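Visitor: A single structure is presented below for examination.
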Amino acid sequence: MKVLLIGSGGREHSLAWALAKSPKLTKLYAAPGNAGITAHAELSDLDVSNHAGVIAFCQDKQIEFVVVGPEAPLVAGLVDDLNAAGIKAFGPAKVPAQLEGSKAFTKAVCDEADIPTAGYGRFDNEAGALAYVREKGAPIVIKADGLAAGKGVVVAMTLAEAEAAVTACFEGSFGAAGSEVVIEEFLEGEEASFFVLSDGTNALPLATAQDHKRAYDGDEGPNTGGMGAYSPAPVLTDDLIADVMKRIIEPTIVTLAKRGTPFKGVLYAGLMITADGPKLIEYNTRFGDPECQVLMMRLQSDLLELMLASAEGTLDQCSADWSDDVALTVVMAAKGYPGSYDKGTEIKGINNAASAGVEVFHAGTKADGDKVLANGGRVLNVTALGTSVKAAQQAAYEAVQKIDWPDGFCRTDIGWRAVTRENGN
Ligand code: AMP
Ligand code: GLY
């Protein structure tokens, strides 16, 4: 089967790497891809926002299945248009992708299905929003309703911060995404991510992960897309997973099916494990980045078969098998990220760093002849397997040492929380 993979990050490199292992795959294309993905796929500079162009490309190359990595094409309805043209795709249609595309949509699903989540108010005007935060007080969480590339959330510890965040939203800091605001109760606990595949009816649990969103060691500094991750997440015990499936995931799948807009694809639940049990913070409708990289390292089943079963409605006949090992990934980013940074600096030693149980996934790179150049903020994901979090952490950082990139940096403490737990502290 010929497959087209949409996206260009570390997530997509790990998906390409896993798809390439499938005996079902005859040829993989990627648009736009990156320097690492060239090992597994032929790259195309197709404009992904031009759905007619994507369909024409698939017809020309006899591509039968499209795997959509990032959220923007899902929310833009690429899967709907591909399906209408008779091309199968992995990922949700436009309406169920609103679970990621609109925080208000998700809150309405939670209300309808009685799913545990933070209490909230929803506002389309500044005066109403300000009155609400003044009534509730701090700490409180202000969220732009729409897609804001992970930047539309302010966890305000003081009322002044909360008021400033509300005003910034309505003044257009997040563009159209902020024309509506969701204001939430502050949840306390440990965060974890849980991934599930659905075919619209069935929900197949995948695995758990935890990421590190802050730029610097000790979970300090500005928020980023994620500076590292590991799987499994020790905080999510089997009992908690069963509870999350029953009270959060299954009611979501049932509600969307009942509405006539079934959810197909991967559902990524961001959870807070509170004293009252797990609560839903948010849904994403694609794999996490860099969480996908650690999931793919542990996945032992055929990814292409699982994705096809999600698209075709046959997930009840599938299982997902995982290595018992822990996978951990360290993100190497360009100095300055998440602020401004240089592009085009050369990275050496990537091939020396990869070994048995260690993969270097490319997140933002570009090939220039034989050279690999940095081409983004998050640039490489050095990913390792180990029999414990500590072992995976050691293997990943040993591999980081072999990469020669003076213009990059990484956190030195990815996995610290889980290592502390392993040490029994
Ligand atoms: P989101 O984009 O909704 O995942 O929010 C980004 C981050 O803000 C989350 O990963 C949490 O760390 C934090 N956050 C979001 N909502 C809440 C909440 N209700 N209570 C506490 N922290 C939150
Ligand atoms: N690592 C967080 C995300 O992919 O949304």
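Visitor: Restricting to helices (runs of 4 or more DSSP H) lying wholly in the range 49-159: which have 3 or more residues that are within 16 Å of ligand 2 (Cβ to nearest atom)?
Guide: 71-75, 98-101
Visitor: Please work out which one of (1) touching a strand residue (DSSP E or B) at 6+ places or on another chain (Cβ under 7 Å); (2) assigned to a loop (DSSP other than H, G, I, E, B) is the condition residue 329 fails and give its number.
Guide: The single condition residue 329 does not satisfy is (2).
Visitor: Sticking with this structure for a sec: Working carefully through the options 192, 162, 177, 118, find the one that is of a type outside the set (Asp, Glu), modelled with pLDDT under 90 and crowded, with 18+ Cβ neighbours inside 10 Å.
Guide: 177
Visitor: Same structure again: Restricting to the range 273-294, and then to whatever is open to solvent by less than 20 Å² (accessible area, probe 1.4 Å) and aliphatic (A, V, I, L, M), can you tell me which residue is farthest from ligand 1 (Cβ to nearest atom)?
Guide: 294
Visitor: Given the conditions (1) at pLDDT 95 or above; (2) under 24 Å from residue 359 (Cβ atoms); (3) open to solvent by less than 50 Å² (accessible area, probe 1.4 Å), and given that residue 23 satisfies all but one, which numbered condition is not satisfied?
Guide: Unmet for residue 23, out of (1) at pLDDT 95 or above; (2) under 24 Å from residue 359 (Cβ atoms); (3) open to solvent by less than 50 Å² (accessible area, probe 1.4 Å): (3).
Visitor: Looking at 52, 89, 39, 85, which one is buried (at least 24 other Cβ atoms within 10 Å of the Cβ) and in contact with a helix residue (DSSP H, G or I) (Cβ under 9 Å, 6 or more places away or on another chain)?
Guide: 89
Visitor: Please verify whether the range 227-248 includes one or more residues that are without any contact (Cβ under 8 Å) to a residue 40 or more places away in the chain, closer than 25 Å to residue 388 by Cα, of a type in the set (S, T, N, Q) and away from ligand 1 (no atom under 16 Å from the Cβ).
Guide: yes
Visitor: Sticking with this structure for a sec: I need every pair where a residue in the range 411-422 that is closer than 19 Å to residue 398 by Cα has its Cβ under 6 Å from the Cβ of a residue that is among the acidic types (Asp, Glu), sequence separation at least 6 or different chains.
Guide: 411/217; 412/217; 413/217
Visitor: Counting only residues that are open to solvent by 20 Å² or more (accessible area, probe 1.4 Å), modelled with pLDDT of 90 or more and within 10 Å of ligand 1 (Cβ to nearest atom), how many does the range 121-152 have?
Guide: Number of matching residues: 1.
Visitor: Quick check on this structure: which one of 65, 90, 57 is touching a Leu at 6+ places or on another chain (Cβ under 6 Å) and over 21 Å from residue 144 (Cβ atoms)?
Guide: One residue alone meets the criteria, 57.
Visitor: Shifting gears a bit: Here are 323, 355: which of them is surrounded by fewer than 16 Cβ atoms within 10 Å (Cβ to Cβ) and modelled with pLDDT under 95?
Guide: None of the others qualify; the one that does is 355.
Visitor: Out of 156, 233, I need the residue that is under 29 Å from residue 330 (Cα atoms), crowded, with 17+ Cβ neighbours inside 10 Å and touching a Ser or Thr at 6+ places or on another chain (Cβ under 6 Å). Which one?
Guide: 233
Visitor: Okay, moving on. Go through the range 181-222 and count every residue that is more than 16 Å from ligand 2 (Cβ to nearest atom) and either in contact with a Pro (Cβ under 6 Å, 6 or more places away or on another chain) or of a type in the set (Ser, Thr, Tyr) (or both).
Guide: Final tally of qualifying residues: 5.
Yes/no matrix, rows are residues, columns are (1) at pLDDT 95 or above; (2) surrounded by 15 or more Cβ atoms within 10 Å (Cβ to Cβ); (3) within 22 Å of the chain's Cα centre (by Cα):
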| site | (1), (2), (3) |
| --- | --- |
| 330 | yes, yes, yes |
| 344 | yes, no, no |
| 370 | no, no, no |
| 383 | yes, yes, yes |
| 399 | yes, yes, no |
| 403 | yes, yes, no |
| 410 | yes, yes, yes |
| 416 | no, yes, yes |
| 420 | no, no, no |
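Visitor: Which residue out of 315, 303 is closer than 25 Å to residue 387 by Cβ and away from ligand 2 (no atom under 14 Å from the Cβ)?
Guide: 303
Visitor: If residue 185 satisfies all but one of (1) among the charged types (D, E, K, R); (2) out of contact with any helix residue (DSSP H, G or I) (no Cβ under 7 Å at 6 or more places or on another chain); (3) open to solvent by less than 50 Å² (accessible area, probe 1.4 Å), what's the number of the condition it fails?
Guide: (3)
The values are calculated or read from the model by the stated rules, or taken from the named source; none is laboratory data. Treat the numbers as computed from the prediction; the structure is a model and nothing was measured. Because the Cβ atoms are built from the backbone with ideal geometry, glycine has one as well, and the counts that use them run over all protein chains shown. Side chains included, ligands, DNA and RNA excluded: accessible areas come from the protein's heavy atoms. Shrake-Rupley method; radii C 1.70, N 1.55, O 1.52, S 1.80 Å.
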